[in-house]
Amino acid sequence: MTSQPVPRTGPARPGAARRRPLDRRVNWWLTALLLVLSLTILIPLYFTVVTALKTPDQLGGSGFDLPTEVRWENFADAWTLTNFPRAALNSALITVGAVALTILTNSMVAYAIARNMHRRLFKALFFYFISALFVPFPILMLPVAKQTAILGLDSQLGLILLYVVYGLSFNIFIFTAYIRSIPIELEEAARMDGAGTWGVFWRVVFPLLTPMNATVGILTCLWAWNDFLLPLVIVSDPERATLPLVQYVFQSQFQTNYTVAFASYLMAMAPLLIVYVFAQRWVISGVTRGAVK
Amino acid sequence: MAVRTVRGAPEAAAARAAGARRRPPRSGSAIYWMVLPAAGLFFVFHTLPVLQGMFYSLTDSPGYGDWSFVGLSNYAALFTDERIRSAYLFTFQFAIVSTVLVNVFALALAVGLTGRIRFRSALRGLYFVPNVLAVLVIGYVFNYLLTNSLPEIASALGIQRLSRSILADPELAWIGVVVLAVWQAVAFNIIIYIAGLQTIPAELYEAAAIDGSGPWRRFWSVTFPLIGPFFTLNMVLSLKNFLQVFDHIVVMTNGGPGTSTESVSLVIFRGGFQGGEYGYQIANAVVFMVVLVVFALVQFRVLRRDEVTA
């Protein structure tokens, strides 16, 4: 995919480990061991797929055998039972909205703070946002559920807003560290050319933040798509339920109908899994960048 | 592209600035417009609910209707509540065991994945997959595996202890939750450790190899001390996340059998939303926050000290 156009700030040097001139031979024992261990990842996935394809009477035993007869209707049943298109659309809408808004706003907030840390107000804001990292969600989930209900924000829009706002703490943390590594001369030069603060940010700084924007975008995407607690607390209308929430809501029906349940789980996991398969290298390098800062 | 145009800018600007007038120092309100709306929203949707919660923790509010002040009696009641006490004990036990296991497995796998192996990027991609899946969804698959498949396999192999579902056993159910938690969290921690391992210059290993130290020795005297900061970060973040465990419980045991696997977050959620204990459970949440902060600070202290001496 897009091999990182990281200017010079990217501290992760993927080449470092590979450049070991002493010994270039492949360690096949280690490779074999890691391949065997990767079965721990593959087995639950394999199990999900085969169970989703079975008829109910094939469920007995350990359940690891391949289906003798494939029942595609499981997917159709799960599709209509859980109103899959509705839930998938909700999840997609929330995820896309949260990712786009988070990147656009959190980077801007972090920029203003990172470049003004010498001013008392901005320093205070920095610590204000960061300190929220230590506030557990349970303490605010009851009041915020009431609040969003009163404001009419118990909706997709409300969830997007909350992801963007709650993401600030962590995102500011990683954005400011990155922004400090960008030479300030670039901005001063743009100012000399007559650019205002907005112009400097959007035309000079924001494009330079691309690697970090990708990192924050990936992490936000994984969070918003897979989150369960926030939708559970905020959303009351079943029409607005997200994919994970739907799996929970339909548990009582699923208990008597495991093959349809597994088809539903598979459909809930598939979209992000498919995206991941194609964007794998990019996702991993993005997350890695977030770790090294 | 944007990078390149910007790169050229400094020289041009410098040349122009050489004899040109000096610009007045930047003032402008733009910088405030960048942060203040966000700070306002953050206050409304984060700080305000926290303050509200702290206020209601001093009342007997059931979450609706009338309430009256009860002073600190909610807090006093917490310390004699058997259900709360067992929730804290369970939560700590679960979080500590999971944190240790996640970090041991993740570090070992990260070392393996940075070794001289084939299929390196495919394997790294594969090991990250659990992080792409929702705990709540893949958790139901684990639930089924532990409830139905594992007992079948165990009894076929003649292992009595595992021939009935561990999730139905009050003594063992927590292990099922740990299995899911570790499986899912190792994925992310591997990536952080790989990032850490890649910051270690290869020359150090060469030097150690020339000194004749074996791989085990090299790990403990070169690798481990140098990834100290990553180890600290992972330990603190894992513990903080696991102490707030919620999804894993809902999906694996729903707190059962009985209340044997109720976590603190689950108790707060159930009592607060369904049990009419709004004020009381918020008091619980306030205590929980204090516990989390103390834990994080202690952990940073202890682990940072290790980093320095190592």
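The numbers here are math on the coordinates, done by the rules we state, and not lab data. The model shown is predicted, which means the values in this text are computed figures rather than measured ones. Please note: Cβ atoms are built from the backbone with ideal geometry, for glycine as well, and neighbour counts cover all protein chains shown.
Taken over chain A, the ratio of Cα radius of gyration to 2.2 N^0.38 Å equals 1.23. Among the chymotrypsin sites (Phe, Trp or Tyr not before Pro) in segment A:63-162, those placed in a DSSP loop whose Cβ has at most 12 other Cβ atoms within 10 Å are A:TRP72. For B:LYS240, the aspartates and glutamates whose Cα comes closer than 19 Å to its Cα, not counting residues fewer than 8 places off in the same chain, are A:ASP227, B:GLU262.
The alpha carbons of segment B:185-260 stretch over 59, 20, 16 Å along the principal axes, in descending order.
One Cα centroid belongs to segment A:65-86, the other to segment B:134-206; the line between them spans 27 Å.
Span-like helix criteria (full DSSP H runs; alpha carbon extent of at least 30 Å along the helix axis; mean Kyte-Doolittle hydropathy of at least 1.0) are satisfied in chain B by B:82-113, B:173-197, B:278-309.
With Rh defined as the Kirkwood radius, the inverse of the mean 1/r over Cα pairs, the Rg/Rh of segment A:86-249 is 1.04.
Of the residues A:LEU104, A:PHE206, A:SER169, the one whose Cα sits farthest toward the positive end of the charge dipole of segment A:86-249, with +1 on the Cβ of Lys and Arg and -1 on the Cβ of Asp and Glu, is A:SER169. For chain A, what are the DSSP H helices with axial Cα length of 20 Å or more and mean Kyte-Doolittle hydropathy of at least -1.0? Both cut-offs are met by A:39-53, A:84-114, A:156-180, A:210-226, A:258-292. Roughly how far apart, in whole Å, are the Cα centres of segment A:195-227 and segment A:108-168? Spelled out, the Cα-based centre of one part sits 17 Å from the other. By the helix-only formula, in which each DSSP H run with n ≥ 4 contributes -39500 (n - 2.57) and the sum is divided by residues, the protein assembly as shown has a 222 nm mean residue ellipticity of -21500 deg cm²/dmol. Its Cα gyration tensor gives segment B:124-186 an equivalent ellipsoid; the semi-axes, largest first and in whole Å, are 24, 13, 10.
Normalising the Debye intensity of the protein assembly as shown to I(0), with uniform scatterers on Cα atoms only, and taking log10 at q = 0.05, 0.08 Å⁻¹ returns -0.24, -0.63. Expressed as a whole percent, the proportion of Cα-Cα pairs in chain B lying more than 31 Å apart is 53%.
For segment B:161-310, the fraction of C-alpha pairs more than 27 angstrom apart is 44%. Set against the 2.2 N^0.38 Å expectation for a compact globular protein, segment B:248-288 has a Cα radius of gyration ratio of 1.14. Divide the volume of the convex hull around the Cα atoms of segment A:84-140 by the residue count and you get 94 Å³ per residue.
When the protein assembly as shown is described by a simple charge dipole with +1 on each Lys and Arg Cβ and -1 on each Asp and Glu Cβ, the residue from B:VAL179, B:PRO37, A:ASN226 located farthest towards its positive end is B:PRO37. Restricting the calculation to Cα atoms, every distinct pair contributes to the Kirkwood radius of segment B:201-242, found to be 11.5 Å. Separation of segment B:262-284 and segment A:255-289, taken as the distance between their Cα centroids, equals 32 angstrom. Residues B:HIS46, B:HIS248, ranked from the fewest to the most other C-beta atoms within 10 Å, line up as B:HIS46, B:HIS248. Under 5 Å between amide hydrogens, built in the peptide plane, is the criterion, and for B:THR59 it picks out B:VAL70 among residues at least 5 positions away or on other chains. FRET efficiency for the A:THR80 to B:ASN241 pair, using the beta carbon distance and R₀ = 35 Å, is estimated at 0.45. Overall, chain A carries a charge dipole of about 1520 debye about its Cα centre when +1 sits on the Cβ of Lys and Arg and -1 on the Cβ of Asp and Glu, all other atoms neutral.
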